[in-house]
Amino acid sequence: MRLGINLGYWGAGMDADNLAVAREADRLGYSVCWAAEAYGSDAPTVLSWVAAQTERIDVGAGIFQIPARAPAMTAMTAATLDSLSGGRFRLGLGVSGPQVSEGWYGVKFDKPLARTREYVEIVRKAMSRERLSHEGEHWTLPLPDGPGKPIKLTVHPVRERIPLYIAAIGPKNLEQTGEIAEGALLVFFSPEHAEETTLGPVRAGRAKAGEDLAGFDICPTVPMALGDDVDALADIFRPYTALYVGGMGSRKQNFYNKLAQRMGYEKEAAEIQDKYLAGDKDGAAAAVPRELIDSTTLLGSVERIAERMQAYADAGVGTLSLAPAGFTLDERIGSLRAGVTAMERAGLA
């Protein structure tokens, strides 16, 4: 199992700190540094900046939003980042959510699985430097009855096949991800529920592609907090968990709420959502079970975190991407170093 670092969203006065975190992760031998985008900073700009000021660590899109870019533009960006970074780029894709897709990009959030499959097909074809032509439900290239011609990418990526990940939560998306990608970007991943929530669907998708799980990167982002009082540390992540389980999406369409239900928290997930959507965010946070937080985070002493890291490794995780809690740069750097120490104590380094 390898370690990654998730910088999350850029901005909010943390730019210099995030760069320092990326540089320290590079020095410590972390495998990959991920950057996210929603409706603020874009990931490609951040990744190019980080890649220019690091030496070994991979830079990963966690994620490029599918409604934000034409697939050919994503292929151009991926090839450029791979070239500029010396072959250190990982491409992560995701459909985002209905609110962002339709409210920010003006792209209808429909048929996300079919759209993702078609998008990946075009991106792969473009990055392979074939002449680009495609006839599908969502894209037709070149447009018919016009001046367009099949053309090919002029940038040469360092690698013939850039690693492609998909952000996936639901069973159908996970199965498709196993079929068409090299890795899955996950959140709220619990080792204790890995088989039913993640590995089973991914394995089914790999079987469709004539493959097994060997070489497929299970890559969850896991919040982390160091300390002796595990209950107090769990409280740090109550608002975060309540936001996703209760308020990320509508009542009918909340992928994270459904995930919590599949983990056995049906009653609790309903209560969290009811309170959050009613405006009682504090009540929603209080309703989050401590066990749910503990099973999807790394909390406590280095020794306790080492034990949990072993559980993640046993559950098939290939890249464990940390999201260290901390209001200061020193706290975040300390967590980075503790992550390496924990890996060593678990015998995983």
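The table for this structure:
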read-out	value
The lone exception for T45 - which of (1) of a type in the set (V, I, T); (2) over 27 Å from K149 (Cβ atoms); (3) crowded, with 21+ Cβ neighbours inside 10 Å it fails	(3)
Residue within the stretch 216-227 that is aliphatic (A, V, I, L, M) and not in a strand (DSSP E or B) present	no
Selection from the stretch 215-247 of residues that are of a type in the set (D, E, K, R) and in contact (Cβ under 8 Å) with a residue 24 or more places away in the chain	D217, D228, D231, R238
Lone qualifier among R56, R27, R23 - being outside any helix (DSSP H, G or I) and over 23 Å from L186 (Cα atoms)	R56
Residue among P163, P150, P144 that alone is under 16 Å from the mean Cα position of the chain (by Cα) and surrounded by fewer than 22 Cβ atoms within 10 Å (Cβ to Cβ)	P163
Residue identified as over 23 Å from Y165 (Cβ atoms), modelled with pLDDT under 95 and among the aliphatic types (A, V, I, L, M) among A338, A284, A346, A325	A325
Condition met for P150 (in the same structural domain as A16 (by TED's automatic domain parsing), part of a loop (DSSP other than H, G, I, E, B) and over 24 Å from A22 (Cα atoms))	yes
Checking G29 against (1) surrounded by 15 or more Cβ atoms within 10 Å (Cβ to Cβ); (2) out of contact with any Ser or Thr (no Cβ under 6 Å at 6 or more places or on another chain); (3) within 21 Å of T319 (Cα to Cα), the condition it does not meet	(1)
Of all residues making up the stretch 218-257, the number that are surrounded by fewer than 17 Cβ atoms within 10 Å (Cβ to Cβ) and basic (K, R)	2
Candidate set from the stretch 30-47 (those that are assigned to a loop (DSSP other than H, G, I, E, B) and closer than 14 Å to A61 by Cα); member that is nearest to the chain's Cα centre (by Cα)	A36
Looking only at the stretch 322-349, and only at residues there that are within 21 Å of the chain's Cα centre (by Cα) and over 14 Å from L28 (Cβ atoms), the one that is surrounded by the most Cβ atoms within 10 Å (Cβ to Cβ)	A323
Single unsatisfied condition, T116 versus (1) surrounded by fewer than 23 Cβ atoms within 10 Å (Cβ to Cβ); (2) in contact (Cβ under 8 Å) with a residue 60 or more places away in the chain	(1)
Residues (hydroxyl-bearing (S, T, Y), assigned to a helix (DSSP H, G or I) and farther than 20 Å from F64 by Cβ) located in the stretch 158-214	T197, T198
Flag for L213 being hydrophobic (A, V, I, L, M, F, W, C), out of contact with any Asp or Glu (no Cβ under 8 Å at 6 or more places or on another chain), in the same structural domain as M76 (by TED's automatic domain parsing) and at pLDDT 95 or above	yes
Search result, residues across the stretch 196-214 that are touching a residue at least 40 places away in the same chain (Cβ under 8 Å) and out of contact with any helix residue (DSSP H, G or I) (no Cβ under 7 Å at 6 or more places or on another chain)	L199
Members of the stretch 271-288 that are surrounded by fewer than 17 Cβ atoms within 10 Å (Cβ to Cβ), of a type in the set (A, V, I, L, M, F, W, C) and outside any loop (DSSP other than H, G, I, E, B)	L277, A286
Qualifying residue in the stretch 91-101 (condition: out of contact with any Pro (no Cβ under 8 Å at 6 or more places or on another chain), among the hydrophobic types (A, V, I, L, M, F, W, C) and either surrounded by fewer than 18 Cβ atoms within 10 Å (Cβ to Cβ) or part of a helix (DSSP H, G or I) (or both))	no
Among (1) surrounded by fewer than 20 Cβ atoms within 10 Å (Cβ to Cβ); (2) within 15 Å of the chain's Cα centre (by Cα); (3) of a type in the set (S, T, N, Q) - the single one T198 does not satisfy	(1)
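Results for (1) in contact with a Gly (Cβ under 6 Å, 6 or more places away or on another chain); (2) in contact (Cβ under 8 Å) with a residue 12 or more places away in the chain, shown as yes or no for each residue.
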{"position": "A22", "(1), (2)": "no, yes"}
{"position": "D26", "(1), (2)": "no, yes"}
{"position": "W49", "(1), (2)": "no, yes"}
{"position": "R56", "(1), (2)": "no, yes"}
{"position": "I63", "(1), (2)": "yes, yes"}
{"position": "M73", "(1), (2)": "no, no"}
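The values are calculated or read from the model by the stated rules, or taken from the named source; none is laboratory data. Predicted model, so just to flag it, every value in this text is computed and none were measured. Cβ sites come from the backbone with ideal geometry, for glycine too, and all protein chains shown count toward neighbours.
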